[in-house]
1. Only one of (1) surrounded by fewer than 24 Cβ atoms within 10 Å (Cβ to Cβ); (2) within 15 Å of the chain's Cα centre (by Cα); (3) over 13 Å from residue 368 (Cα atoms) is not met by residue 428, so which one is it?
2. Are any residues in region 535-544 surrounded by fewer than 20 Cβ atoms within 10 Å (Cβ to Cβ) and either within 15 Å of residue 474 (Cβ to Cβ) or touching a strand residue (DSSP E or B) at 6+ places or on another chain (Cβ under 9 Å) (or both), and if so, which ones?
3. Out of curiosity, is residue 526 in contact with a helix residue (DSSP H, G or I) (Cβ under 8 Å, 6 or more places away or on another chain) and surrounded by fewer than 20 Cβ atoms within 10 Å (Cβ to Cβ)?
4. In region 481-488, is there at least one residue being modelled with pLDDT of 90 or more, in a helix (DSSP H, G or I) and more than 26 Å from residue 366 (Cα to Cα)?
5. Restricting attention to region 390-406, does a residue exist that is touching a helix residue (DSSP H, G or I) at 6+ places or on another chain (Cβ under 7 Å), part of a loop (DSSP other than H, G, I, E, B), surrounded by fewer than 17 Cβ atoms within 10 Å (Cβ to Cβ) and not assigned by TED's automatic domain parsing to the domain that holds residue 161?
6. Which fully enclosed helices (runs of 4 or more DSSP H) of region 258-336 have 3 or more residues being touching a strand residue (DSSP E or B) at 6+ places or on another chain (Cβ under 9 Å)?
7. Quick check on my filter: what residues within region 489-499 are in a strand (DSSP E or B) and buried (at least 20 other Cβ atoms within 10 Å of the Cβ)?
């Protein structure tokens with residue numbers, strides 16, 4: 001039998017074992033039950049990693065399905081800095097293979113020396129990735145990453161914009177529709193070893209589930225190309241600062257081409273800002289100059305206060321109010337409204353504006369979309385500036401009428417002309433039309449919140465009248481160089497002087513032409529602006545030929561046949577002596593048709609770049625230099641003498657005026673009683689207003 005001491009030892013050993021088992025049990029309970037979650041998290045953090053799968057960005061397509069932006073998979077090189085640190089010459093060798101600065105790479109990896117993962121160079125060429133792997137360095141590996149590519153280089157770059165390395169849009173269409181193009185993205189859990197290398201991904205990764213949508217634009221790749229080529233050639237020819245053009249289908253408002261020069265390569269966008277590349281069609285607001293006269297005439301016709309045959313005395317190019325002057329560099333006498341437009345007379349335009357009043361003109365400016373966003377949906381669009389009508393005085397009414405004192409963007413101007421071309425209906429400009437999902441479904445692009453709805457802004461008769469008188473500009477007016485054989489062209493030139501340091505700079509101009517073709521069945525509206533051309537700077541010489549080049553190629557491309565009928569001009573081409581004959585006949589017809597007899601003096605311009613009669617310029621320039629900025633009008637040579645008409649009959653006065661080289665503006669019938677100006681020396685062709693009374 002065991003002794004008492006033996007039993008004591010057995011009990012003691014049992015108690016010790018029981019204590020040890022209890023301790024082990026408590027420890028096991030603590031580790032397996034109470035702290036299991038935290039311990040599991042610690043363990044998984046050593047071998048599990050949340051790997052973000054970048055979504056495949058949707059493509060950007062033109063109206064015919066051609067790719068303007070797409071996504072491809074490129075190699076990205078990464079490393080384990082801890083493992084790479086054991087190789088002394090690893091950094092210089094890796095930098096050489098990847099064409100990196102060794103010092104910059106060493107600095108970047110040193111900052112992550114305690115980590116298991118660091119990018120070395122992302123989205124490299126296949127040659128670079130092969131060279132990096134060929135070094136056999138420990139911890140260096142390659143992963144596929146999607147990269148945005150632009151297969152056409154600079155084509156439409158200022159409109160499309162570009163995306164950054166992380167796959168988000170940074171400018172243009174890429175930025176405006178980034179959410180839909182980028183996709184949702186996704187994260188999956190992966191297992192990696194002690195060196196940070198991925199070993200296994202949980203489940204099957206379906207990247208298409210998070211891919212972005214394709215976006216279809218109204219742009220036409222070919223039309224954009226030929227527009228950019230024409231602009232680039234014009235910039236080179238005229239040593240210009242920049243150029244921009246917008247082409248719109250007036251029937252729908254769809255933008256077929258929107259181009260700006262200089263552009264940039266969105267595949268390497270680092271020099272875009274330095275080159276001054278931007279979408280100038282929406283970001284640059286200019287004083288439009290004479291192309292704004294189309295709005296003034298449209299407002300007058302629409303208000304029923306103007307007819308193409310109405311006559312206006314353009315006062316041989318001189319009008320004054322206070323310290324200001326308005327002038328036409330090539331003076332004209334009495335012109336019909338159609339001729340005022342054709343020869344781009346500032347004085348005649350101001351008189352038309354005075355006839356309709358500031359409220360009517362301001363309403364037309366607003367209706368046609370100036371001073372507000374077009375709602376095209378692109379970032380950086382400017383609204384332009386239009387002074388509130390409550391702050392218009394006589395000078396503001398005048399300057400607004402011929403395009404000074406307000407600013408517009410090229411897109412706004414093209415859209416306004418498109419409203420005329422579409423029969424008076426305003427169509428908001430459209431650029432993005434639909435999304436296409438991964439499974440092929442089409443989804444319309446919602447209209448931007450600030451887009452103006454389609455609306456009638458002019459009557460059909462007004463639109464037809466404007467198209468008619470606008471043809472005179474290209475037939476024998478200021479834009480003969482825009483004429484296209486077989487196709488009637490309606491349009492308007494403009495040469496606006498630019499503001500620099502608060503004053504009009506006599507060395508800086510914006511040459512512009514906006515045209516509609518064919519005028520009898522409009523298919524396209526094309527606005528062309530050439531910024532700061534050197535040498536000749538007139539819109540009819542610089543911008544009109546660019547329009548013609550673009551329009552001719554566009555008509556061929558669209559298959560538009562030559563017109564079988566041409567809209568007749570409201571008035572036949574003016575010839576020398578027509579104005580004098582017309583004014584002489586007024587005494588026998590309706591003398592009240594002459595505007596501005598005696599006391600009605602116009603207000604002055606402040607630096608407007610005036611337009612000229614092309615027929616009087618040997619080089620074909622369409623417009624003249626600036627009007628005065630509060631300075632006296634330049635003196636003209638006094639090469640004629642005004643006769644004393646008082647006491648003459650109308651026939652005697654007409655013959656005397658012809659002999660003296662003076663333009664007679666008769667009022668009434670009978671015997672001449674008064675005249676303005678008085679007899680004496682004068683500029684040849686100056687108008688003299690003579691009042692005739694019966695029984696004198």
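1. Of the numbered conditions (1) surrounded by fewer than 24 Cβ atoms within 10 Å (Cβ to Cβ); (2) within 15 Å of the chain's Cα centre (by Cα); (3) over 13 Å from residue 368 (Cα atoms), the odd one out for residue 428 is (3).
2. Of the residues in region 535-544, the ones surrounded by fewer than 20 Cβ atoms within 10 Å (Cβ to Cβ) are 535-536.
536 - this is the single residue of region 535-544 that is surrounded by fewer than 20 Cβ atoms within 10 Å (Cβ to Cβ) and either within 15 Å of residue 474 (Cβ to Cβ) or touching a strand residue (DSSP E or B) at 6+ places or on another chain (Cβ under 9 Å) (or both).
3. Against the criterion (in contact with a helix residue (DSSP H, G or I) (Cβ under 8 Å, 6 or more places away or on another chain) and surrounded by fewer than 20 Cβ atoms within 10 Å (Cβ to Cβ)), residue 526 does not qualify.
4. In the first step, residues of region 481-488 are kept if they are modelled with pLDDT of 90 or more; the result is 481-488.
Filter once more, so that each one left must be in a helix (DSSP H, G or I): 481-482.
Keeping just the survivors that are more than 26 Å from residue 366 (Cα to Cα) gives 481-482.
Within region 481-488, one or more residues are modelled with pLDDT of 90 or more, in a helix (DSSP H, G or I) and more than 26 Å from residue 366 (Cα to Cα).
5. No, region 390-406 contains no residue that is touching a helix residue (DSSP H, G or I) at 6+ places or on another chain (Cβ under 7 Å), part of a loop (DSSP other than H, G, I, E, B), surrounded by fewer than 17 Cβ atoms within 10 Å (Cβ to Cβ) and not assigned by TED's automatic domain parsing to the domain that holds residue 161.
6. Numbers: elements: 272-275, 280-283, 293-302.
Ranges flagged: 280-283.
7. 490, 491, 492, 493, 494, 495, 496, 497
Rundown of residues vs (1) part of a loop (DSSP other than H, G, I, E, B); (2) surrounded by fewer than 19 Cβ atoms within 10 Å (Cβ to Cβ), yes/no style:
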position: 119; (1), (2): no, yes
position: 122; (1), (2): no, yes
position: 131; (1), (2): no, yes
position: 137; (1), (2): yes, no
position: 148; (1), (2): no, no
position: 153; (1), (2): yes, yes
position: 159; (1), (2): no, no
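The values are calculated or read from the model by the stated rules, or taken from the named source; none is laboratory data. It should be emphasised that the depicted structure is a prediction, and the values quoted were computed from it without experimental measurement. Cβ: placed from backbone, ideal geometry, glycine included. Neighbour counts: every protein chain shown.
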